[in-house]
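Working notes, structure below.
We did not get these values from a lab; they are worked out from the coordinates using the rules stated. The structure displayed is predicted, hence computed values, not measured ones. Please note: Cβ atoms are built from the backbone with ideal geometry, for glycine as well, and neighbour counts cover all protein chains shown.
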Amino acid sequence: MNGWIILDKPVGLGSTQAVGAVKRVCREAGLGKVKVGHGGTLDPLASGVLPIALGEATKLCGRMLDASKTYDFTVAFGVETAGLDAEGDVVATSDVRPTLAEVEAVLPRFTGPIEQVPPAYSAIKIDGQRAYDRARAGEDVEMKARGVTR
């Protein structure tokens, strides 16, 4: 069996768990041992499209991981969490809400090639472990700036 499954990954399911579930379903369906991989890592707190490769399609996973991606997100103004995500402890609040014009005025600073320090609660691997696993375990995770294009 070769091809792609496009999974609408729900919040709470990690990418590795999704791959494991597909492997399990393939085995239970009598397909034998099918090679399974994914074309991008989504944090367990993220929902969205997770391409799952089967068989020969797994050879393309590296290209998928290196490909340009687009993300849609929701922002809640007025609350900052320790992990800069929806799960972390609230560390600061504010009653200030920017206007649409104020938001649009700062967007050019985040367009094109920029240096970005990813949050500790990201899927980036540090010494073979996901940063979010280390951060959620209470470890102090230091992330290095990396070039991105937005």
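Counted residue by residue at 0.36 nm each, then reduced by the alpha carbon distance between them, the extension gain from I114 to D72 reaches 13.2 nm. Each Lys and Arg Cβ is given +1 and each Asp and Glu Cβ -1; about its Cα centre, region 35-150 then shows a dipole of about 620 debye. For G83, neighbours were defined as the other residues whose beta-carbon sits under 11 Å from its Cβ, and their charges (Lys and Arg +1, Asp and Glu -1) total -4. Rounded to the nearest 20 debye, the dipole size of region 3-66 about its Cα centre is 260 debye, using +1 on the Cβ of Lys and Arg and -1 on the Cβ of Asp and Glu.
Rounded to the nearest 500, the helix-only mean residue ellipticity at 222 nm of the chain stands at -6000 deg cm²/dmol, with each DSSP H run of n ≥ 4 adding -39,500 (n - 2.57).
Exposure here means at most 11 other Cβ atoms within 10 Å; with chymotrypsin sites (Phe, Trp or Tyr not before Pro) in a DSSP loop as sites, the longest stretch of the chain lacking them is 78-150.
Within the set of other residues whose C-beta is less than 15 Å from the C-beta of Q129, count the net charge using Lys and Arg as +1 and Asp and Glu as -1. Once all neighbours under 15 Å are counted, the net charge is -2. What's the angle, to the nearest 10 degrees (0 to 90), between helix 15-28's Cα axis and the longest principal axis of the chain? With rounding to tens, the tilt is 20 degrees.
Summing Lys and Arg as +1 and Asp and Glu as -1 over all other residues whose Cβ lies under 10 Å from the Cβ of A46 gives a net charge of -1.
Could you grab the relative contact order for the chain? Cα pairs under 8 Å, six or more apart, rounded to a whole percent.
In percent, rounded to a whole number, it is 18.
Sparsely packed loop sites in region 1-76 (the trypsin sites (Lys or Arg not before Pro) outside DSSP H, G, I, E and B with at most 14 other Cβ atoms within 10 Å) comprise K33, K69.
Inter-label distance, A92 to V11: 2.3 nm, where each label sits 7 Å from its Cα along the C-beta direction.
Given the alternatives [x] 9, 30, 34, 18, 7, 1; [y] 11, 44, 36, 8, 1; [z] 11, 42, 35, 12, 1, P(r) over Cα pairs in 10 Å bins from 0, in percent as computed for this entry is given by [x]. Restricting attention to the chain, the count of lysine pairs at 8 or more positions apart or across chains with alpha carbons under 27 Å apart stands at 20.
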